[in-house]
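Any read-out appearing in this document is the output of simple, stated calculations on the displayed coordinates, not a laboratory observation. Since this is a predicted model, take the numbers as computed values, not measurements. Every residue, glycine among them, receives a Cβ derived from its backbone with ideal geometry; neighbour counts consider all protein chains shown.
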Amino acid sequence: MSAETPSEADILRPVNTLTKKWVALVAIAGLAFALFLVGWAYQLQKGLVVTGLGDWGSGGGVTWGVYIGAFIWWVGIAHGGIILSAAVRLLGMERYMPVARMAELLTLGGLSAAGFYILVHMGRPDRMVTSVISHYHITVHNSPLVWDVTVITAYFVLTATYLGLTIRYDIVRLRDDLPDILEPVYKILTFGYSEAEDEIIERMVWWIAAAIIIMAPLLLHGGVIPWLFSLLATYPIWDGGIQGPMFLAIALTSAISGVTIAAAAFTRAYDWHHIITRDIFRGLLLWLGFFSLMLLWFQLQTIINGVYFPGVAALEAAHGKLHAPLYMVSMGLVAGSLMYIFAQALRPELFTKTRAIITAFAVLSATLIEKVLFVVEGFLYVQFSMYSGVPGTYVPSLIEIASILGTIGMVALIFLFVSKMIPIVELHSIEHLRGDHDEHGSTEVEA
Amino acid sequence: MSLLAGALDVTASAVANLPLYHGYEPTSGTTGFSGPGTWIIFGLILMPVYVMTISWFVGNPSDEKTGLLGVVYLVGITANMWVGMLILTVLIGLVFYGGAPSPLG
């Protein structure tokens with residue numbers, strides 16, 4: 001760990017420099033996103049049928065595939081990201097303060113990707129807004145899909161408000177060193193600012209964090225999102241209250257992995273080793289281990305309930321799950337990661353940042369595979385064999401595969417461009433690292 | 001058809017409906033305020049948001065102007081999000097489906 005003192009210049013470096021690597025990354029991420037947009041334009045022209053998802057009569061009856069699997073994956077990353085950020089503010093986890101804003105951005109990027117997937121999966125996306133709004137007063141009574149639209153809106157708004165209110169402090173203090181060309185943006189972001197508001201805003205964001213820390217784990221990713229599936233009793237893979245904690249565990253593993261990768265990329269690009277220290281990466285890895293353990297535990301519950309004297313449908317579902325090679329790959333990646341995390345906990349010399357990043361990639365791949373399989377197998381193993389006469393099996397189309405790369409490119413672009421506009425590490429965090437405030441840190445306020 | 005004949009026709013149809021029409025309504029039991037989703041979403045799930053917003057205005061330190069600024073953020077971002085999506089979906093309608101979506105087009 002470097003003994004160098006963190007400074008304002010450090011966190012302003014992404015805003016005030018333009019490197020070839022940044023341009024190259026924008027080009028790669030832009031290309032991935034553009035490739036998917038070409039595929040989506042083709043899909044819009046010809047219909048959802050080009051993916052096979054628009055047709056109940058083929059693909060083994062699977063009409064939700066990669067699009068919905070990746071939708072839940074992104075929502076999970078998003079929810080987990082903001083839980084991490086809220087925990088920093090509420091639970092005294094100041095150690096992770098330097099990655100809190102990245103976690104917030106991951107939430108906004110993840111929710112944008114998830115919302116985009118809903119649009120992409122619709123047969124007539126042009127009708128989405130008009131039909132949701134004009135029928136809302138009817139559909140909200142009974143449709144978990146409409147509950148989902150409501151809570152995702154609430155969540156995006158809460159996170160953006162959280163980021164919007166916390167950024168005011170940073171922009172006002174760093175304004176002289178921020179690019180003049182973005183003056184109109186900074187004016188909007190600091191609208192009506194007065195120094196007297198600082199203390200009040202701190203208290204307000206504490207309350208946003210409090211709302212988030214209750215809503216995200218218990219009511220959204222452990223509530224409304226799994227209810228989209230778990231309330232459908234005729235789909236044994238989806239059915240059951242275990243889906244709440246299961247979804248939450250998967251969300252948290254995915255988000256910690258996402259934050260690890262983003263933090264590693266920024267640390268390497270801007271030489272932030274003294275801000276986002278090795279200690280932070282190790283801490284994130286240990287949390288990843290804890291939630292990976294939870295994930296495997298919940299999977300074990302599902303499997304045991306499905307194989308030990310189950311009902312007919314549950315047996316078929318568990319059997320199908322256990323015989324899917326990709327399921328084994330997914331669980332193997334999580335189990336392997338967990339073994340490494342245990343090993344490095346016992347022998348700290350086994351920890352390296354590179355290994356932590358590889359573990360993060362392994363877990364993110366595992367959760368994406370698990371989510372897609374969860375959605376697809378839901379349709380493959382249903383009560384009453386509804387789709388037994390439907391020919392074929394589900395194979396993701398090229399456009400669906402491109403959608404994963406495209407949305408990753410889209411979220412990467414959000415990070416790359418936002419990092420050119422605002423400090424991606426909170427000013428509070430370097431003040432805290434320098435000891436500018438009292439020992440409890442400046443963010444702790446009276447509730 | 002005269003007015004009288006029309007009235008008789010409507011009456012006869014109404015009388016026949018009494019024993020013959022099954023009486024099911026496609027949205028019966030799902031419309032009108034309030035259903036289970038209303039309670040779950042607005043009564044339970046969004047409760048932390050209500051508590052948060054009230055707390056912006058009561059307790060110390062707080063002031064009305066900064067609290068309202070927070071409310072402007074909440075309302076402004078919600079509007080921005082949905083108006084942005086409306087514009088995008090109308091554009092999709094114009095480019096790919098020959099016009100703006102109903103009831104706009």
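When you scan segment A:129-148, how many residues do you find that are buried (at least 21 other Cβ atoms within 10 Å of the Cβ) and either under 17 Å from the mean Cα position of the chain (by Cα) or under 24 Å from residue A:106 (Cα atoms) (or both)?
Total satisfying the criteria: 1.
Out of all the residues in segment A:111-128, is one or more more than 11 Å from chain B (Cβ to nearest Cβ), in contact (Cβ under 8 Å) with a residue 40 or more places away in the chain, more than 26 Å from residue B:104 (Cβ to Cβ) and of a type outside the set (Lys, Arg)?
Within segment A:111-128, one or more residues are more than 11 Å from chain B (Cβ to nearest Cβ), in contact (Cβ under 8 Å) with a residue 40 or more places away in the chain, more than 26 Å from residue B:104 (Cβ to Cβ) and of a type outside the set (Lys, Arg).
Can you name the condition, by its number, that residue B:55 falls short on among (1) more than 8 Å from chain A (Cβ to nearest Cβ); (2) part of a helix (DSSP H, G or I); (3) small (Gly, Ala, Ser)?
(1)
Quick check, is residue A:214 within 17 Å of residue A:428 (Cα to Cα), at the interface with chain B (Cβ under 7 Å from one of its Cβ atoms) and not acidic (Asp, Glu)? Working first, answer last.
Values: within 17 Å of residue A:428 (Cα to Cα): no; at the interface with chain B (Cβ under 7 Å from one of its Cβ atoms): yes; not acidic (Asp, Glu): yes.
For residue A:214, the condition - within 17 Å of residue A:428 (Cα to Cα), at the interface with chain B (Cβ under 7 Å from one of its Cβ atoms) and not acidic (Asp, Glu) - is not met.
Here's the yes/no breakdown for (1) touching a Leu at 6+ places or on another chain (Cβ under 7 Å); (2) not in a helix (DSSP H, G or I):
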position: A:85; (1), (2): no, no
position: A:92; (1), (2): no, yes
position: A:97; (1), (2): no, no
position: A:107; (1), (2): no, no
position: A:110; (1), (2): no, no
position: A:115; (1), (2): no, no
position: A:127; (1), (2): no, no
position: A:148; (1), (2): yes, no
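Scan segment A:58-70 and give yes if some residue there is in contact with a His (Cβ under 8 Å, 6 or more places away or on another chain), surrounded by fewer than 24 Cβ atoms within 10 Å (Cβ to Cβ) and aliphatic (A, V, I, L, M), otherwise no.
Within segment A:58-70, one or more residues are in contact with a His (Cβ under 8 Å, 6 or more places away or on another chain), surrounded by fewer than 24 Cβ atoms within 10 Å (Cβ to Cβ) and aliphatic (A, V, I, L, M).
Any residue that is surrounded by 21 or more Cβ atoms within 10 Å (Cβ to Cβ), touching a Gly at 6+ places or on another chain (Cβ under 6 Å), closer than 25 Å to residue A:99 by Cβ and of a type outside the set (S, T, N, Q) - is there at least one of those in segment A:321-333? If you could, list the steps in order and put the result at the bottom.
Just the residues of segment A:321-333 that are surrounded by 21 or more Cβ atoms within 10 Å (Cβ to Cβ), to begin with: A:321, A:330, A:333.
Subsequent filtering for residues that are touching a Gly at 6+ places or on another chain (Cβ under 6 Å) retains none.
So far as segment A:321-333 goes, no, none of its residues is surrounded by 21 or more Cβ atoms within 10 Å (Cβ to Cβ), touching a Gly at 6+ places or on another chain (Cβ under 6 Å), closer than 25 Å to residue A:99 by Cβ and of a type outside the set (S, T, N, Q).
Return yes when residue B:66 is assigned to a helix (DSSP H, G or I) and touching an Asp or Glu at 6+ places or on another chain (Cβ under 8 Å) and no when it is not. Reasoning before the result, please.
Values: assigned to a helix (DSSP H, G or I): yes; touching an Asp or Glu at 6+ places or on another chain (Cβ under 8 Å): yes.
Here the answer is yes, as residue B:66 does meet what is asked.
Applying the selection to segment B:37-50, what residues are in a helix (DSSP H, G or I), within 8 Å of chain A (Cβ to nearest Cβ) and surrounded by 14 or more Cβ atoms within 10 Å (Cβ to Cβ)? Can you show your working first?
Start the filter on segment B:37-50 by keeping residues that are in a helix (DSSP H, G or I), which leaves B:37-45, B:47-50.
Then keep just the ones that are within 8 Å of chain A (Cβ to nearest Cβ); that gives B:37-38, B:40-41, B:44-45, B:48-49.
Selection gives B:37, B:38, B:40, B:41, B:45, B:48, B:49.
Kindly list the number of the only condition in (1) in contact (Cβ under 8 Å) with a residue 24 or more places away in the chain; (2) part of a helix (DSSP H, G or I) that fails for residue A:23.
All conditions are met except number (1).
Kindly list the number of the only condition in (1) surrounded by fewer than 16 Cβ atoms within 10 Å (Cβ to Cβ); (2) in contact (Cβ under 8 Å) with a residue 40 or more places away in the chain; (3) more than 30 Å from residue A:388 (Cβ to Cβ) that fails for residue A:337.
(1)
So, residue A:188, is that one closer than 30 Å to residue B:55 by Cα and touching a residue at least 24 places away in the same chain (Cβ under 8 Å) or not? Please lay out each step first, then the result.
On the way: closer than 30 Å to residue B:55 by Cα: yes; touching a residue at least 24 places away in the same chain (Cβ under 8 Å): no.
Spelling it out, it is not the case that residue A:188 is closer than 30 Å to residue B:55 by Cα and touching a residue at least 24 places away in the same chain (Cβ under 8 Å).
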